[in-house]
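Here is the structure we will look at, set down as structure tokens.
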């Protein structure tokens, strides 16, 4: 069980100076001697904050899940793009960090990652050279993906010009899905091309099962995911001879099916198995909570790893905002908008209410609409909300809330921020 | 007519050094001696760029419109949050800059704005004090809004504690709309409270007509907007005696009805009339183009200002991205996603195609879906797209594309970037 002490050395602690740029959102404007900023009075709202204990819990939970499942964890970093959090995930035992682009890889390298998976097609000389720069100058292992002969040729040409060797994963896709070869045949042909190329190495098979949607409900989707992953494992095993790696890689799994993927990965001894969930660290109160409920239901059905390790993921991210107007009976306008919160998978949902500096019972509130800088909330109980009230909102889809903030406060104690994460989107 | 030379002094010119932070998107990784970066070969894509000539044209067009209409222009800065663009708008003759929050006001002040309208309710001591800091230390005129007695009291208390005087606008709202008093009666009562308060001044009336939606089409909406604006002007005139300002303010107008608002403002001589469109500077190829088409149609009907000044707004923002996979016949995956582009008012739309460094005829392409890092494009013509192709996409709703980028390239010549804007969201 992972119980390493969590290091947060690189958080911003605005004790001696204000490291924040001019006009940054949700950060203090003047210093307090005790560096303890109340979300109810000291910080300009809206502000985005994460619970430190929830973050640590989630990081440990998924590391434990991976350890117990016998798979490596290479969390997708695109969710947070926060070097401090990458660092924490690596300290907890993550095998590496996954990213979606060379620019994101650069941030992961700065955060200390020595192994980086890019489960994406890297196209264009500028992008390819950015990856080669990291390989050449930073001494890191980077595994980009290809799904076309064109890209194999591009990598070979660029790598040979610089006398570097690049390990490539081949992306296996899904009919109707996103990138990736649609047949095992295509993957095999590309693996042979890579094995023959002087400056490339075939590193294994990558997939993203998150684009599989069962037409006949959850059970059907699970069946499709299992069948697909079994196929990917068998495919990777069949290509072992084309790889110079001791144990070539098979890697998949977003935050919805990581349990099923890990179970299927348990059936191979000859591959390095790696899962790549990302949203688990922040988690949410919407689509990823729904996905995690499905994980736990499957786990209880089978008494499998996720229920054996105990506990569950916790939604770590909250947005604090003011009621700025109550212009009509039963309708309030909140100072929080599309500029601050994800809105593509459900609107922010009120979870706590504060009035005059004290927590109040939360009335029944429904978020009905969102504009660039405003959220509309409706309620039935007369006087349920007043101008000046502070509401804490949970969110759905953490990626698209995180990328709205350059600085995210860390709550060690609910309602108080003492340090900040920074993000690099 | 505005023909002032446009200053772009404060653009980043990465000639001698790379001012960009580690891992920033869409910026060069290594220096080129001539500082001329091709979007087809030198820059890692995706990248966001604006056309310099379109920006200058749009800035001048709206300034001319305002000058000819006899209204002041206080462009909403929330769209771009770019000090370089604020600076350009002020150089062109803008009266001031409008912003949505104290953090945004800080950026506008740094960019040189001496007058700032905050057409929003500013709530909480931290936010109120942030505004008071700017008034006290930066010598700027800031006009926040109120629509409740609670906020009048909050401002009075905070301002009197610091021995400052704050000019307040009162927001007039719309039944079923956003913030703002729902009756002229309420506005009058608040204006009297403000006039009586020792550290407040009644500065005028603010509204945002963009939340008016006609149930019976465009003509009905225009009628509703005209009636509402007439009422707001009459209300502001009736409250002149409560203001110490020579000419109190009446201000409204987003980017959809600025022509109608300006026409109604022309009927008063006793008020300082100010329009606040924001999206016009970047413009788009979607919802704001539709809105502008309606402006031009009204203008041609009435031979009014917008058609008399000639020309029209131009969509200035384009995203360049690669075709990264063509996994199935008629389907391509583009390296551009929700992390890079607005998706709430239509998906990015292909406008130009480049292959092997040359512009190619654009086949018929339809954007069908978007994920965090990927856009799905479908086409009928076999071989219409190949991996490695570069596509330039136009967007709909510039605000939500701009806030995804910390650096936005400036095209002086199509396809080449020599300098960058920075943004402060």
_Subset of segment B:303-355 [out of contact with any helix residue (DSSP H, G or I) (no Cβ under 8 Å at 6 or more places or on another chain) and at pLDDT below 95]_ = B:303, B:310
_Evaluation of residue B:133 against (1) under 24 Å from the mean Cα position of the chain (by Cα); (2) within 23 Å of residue A:39 (Cα to Cα); (3) surrounded by fewer than 21 Cβ atoms within 10 Å (Cβ to Cβ) (one fails), failing number_ = (1)
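Just checking, which of B:166, B:152 is within 11 Å of chain A (Cβ to nearest Cβ) and in contact with a strand residue (DSSP E or B) (Cβ under 8 Å, 6 or more places away or on another chain)?
On the way: B:166 fails: within 11 Å of chain A (Cβ to nearest Cβ).
Exactly one residue qualifies, and that residue is B:152.
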*Yes/no for residue A:49 being surrounded by 24 or more Cβ atoms within 10 Å (Cβ to Cβ), assigned to a strand (DSSP E or B) and in contact (Cβ under 8 Å) with a residue 60 or more places away in the chain*: yes
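Please indicate, with yes or no, whether at least one residue in segment A:66-79 is within 13 Å of chain B (Cβ to nearest Cβ) and surrounded by fewer than 24 Cβ atoms within 10 Å (Cβ to Cβ).
Keep residues of segment A:66-79 that are within 13 Å of chain B (Cβ to nearest Cβ), which gives A:76-79.
Now restrict to residues that are surrounded by fewer than 24 Cβ atoms within 10 Å (Cβ to Cβ): none.
Within segment A:66-79, none of the residues are within 13 Å of chain B (Cβ to nearest Cβ) and surrounded by fewer than 24 Cβ atoms within 10 Å (Cβ to Cβ).
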*Which condition breaks for residue A:92 when tested against (1) within 14 Å of another protein chain (Cβ to nearest Cβ); (2) in contact (Cβ under 8 Å) with a residue 60 or more places away in the chain; (3) farther than 22 Å from residue A:250 by Cβ; (4) out of contact with any strand residue (DSSP E or B) (no Cβ under 7 Å at 6 or more places or on another chain)?*
(1)
*Any chance you could count how many residues in segment B:43-74 are in contact with a helix residue (DSSP H, G or I) (Cβ under 6 Å, 6 or more places away or on another chain) and closer than 25 Å to residue B:388 by Cβ?*
2
*asked:* Within segment A:402-420, take every residue that is within 12 Å of chain B (Cβ to nearest Cβ) and not in a strand (DSSP E or B) and give me the one that is farthest from residue A:289 (Cα to Cα).
replied: A:406
*Do the conditions hold for residue A:59, that is, is it more than 14 Å from chain B (Cβ to nearest Cβ), assigned to a loop (DSSP other than H, G, I, E, B) and surrounded by 21 or more Cβ atoms within 10 Å (Cβ to Cβ)?*
no
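Output the residues belonging to segment A:169-191 that are crowded, with 18+ Cβ neighbours inside 10 Å and either in a strand (DSSP E or B) or away from chain B (no Cβ under 11 Å) (or both). Break it down into steps so the answer makes sense when it comes.
Looking only at segment A:169-191, we keep the residues that are crowded, with 18+ Cβ neighbours inside 10 Å, and these are A:169-174, A:177-181, A:186-187, A:190-191.
If the condition is that a residue be crowded, with 18+ Cβ neighbours inside 10 Å and either in a strand (DSSP E or B) or away from chain B (no Cβ under 11 Å) (or both), then A:169, A:170, A:171, A:172, A:181, A:187, A:190, A:191 are the ones that fit.
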_Residue among B:230, B:247 that is modelled with pLDDT of 95 or more, assigned by TED's automatic domain parsing to the domain that holds residue B:185, over 21 Å from the mean Cα position of the chain (by Cα) and assigned to a loop (DSSP other than H, G, I, E, B)_ = B:247
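For segment A:140-158, which residues satisfy the criterion of being surrounded by fewer than 20 Cβ atoms within 10 Å (Cβ to Cβ) and within 18 Å of residue A:74 (Cα to Cα)? Even if it seems obvious, please write down each step before you answer.
Initially, segment A:140-158 is screened for residues surrounded by fewer than 20 Cβ atoms within 10 Å (Cβ to Cβ), giving A:140-141, A:149-150, A:153, A:156-158.
Within segment A:140-158, A:140, A:141 meet the criteria.
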*Single residue of segment B:237-250 satisfying the filter (touching a helix residue (DSSP H, G or I) at 6+ places or on another chain (Cβ under 9 Å) and within 26 Å of residue B:178 (Cβ to Cβ)) that is surrounded by the most Cβ atoms within 10 Å (Cβ to Cβ)*: B:250
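Taking residue A:132, is it within 10 Å of chain B (Cβ to nearest Cβ) and in a helix (DSSP H, G or I)? It would help to see each step written out before you state the result.
Details: within 10 Å of chain B (Cβ to nearest Cβ): no; in a helix (DSSP H, G or I): yes.
Criteria not met by residue A:132.
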*asked:* Here are the criteria: (1) modelled with pLDDT under 95; (2) on the phi < 0 side of the Ramachandran plot. Tell me which single one residue A:397 does not satisfy.
replied: (2)
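The values are calculated or read from the model by the stated rules, or taken from the named source; none is laboratory data. Note that this is a predicted model, so its numbers are computed, not measured. When we count neighbours, we look across all protein chains shown, and the Cβ atoms used for this are built from the backbone with ideal geometry, even at glycine.
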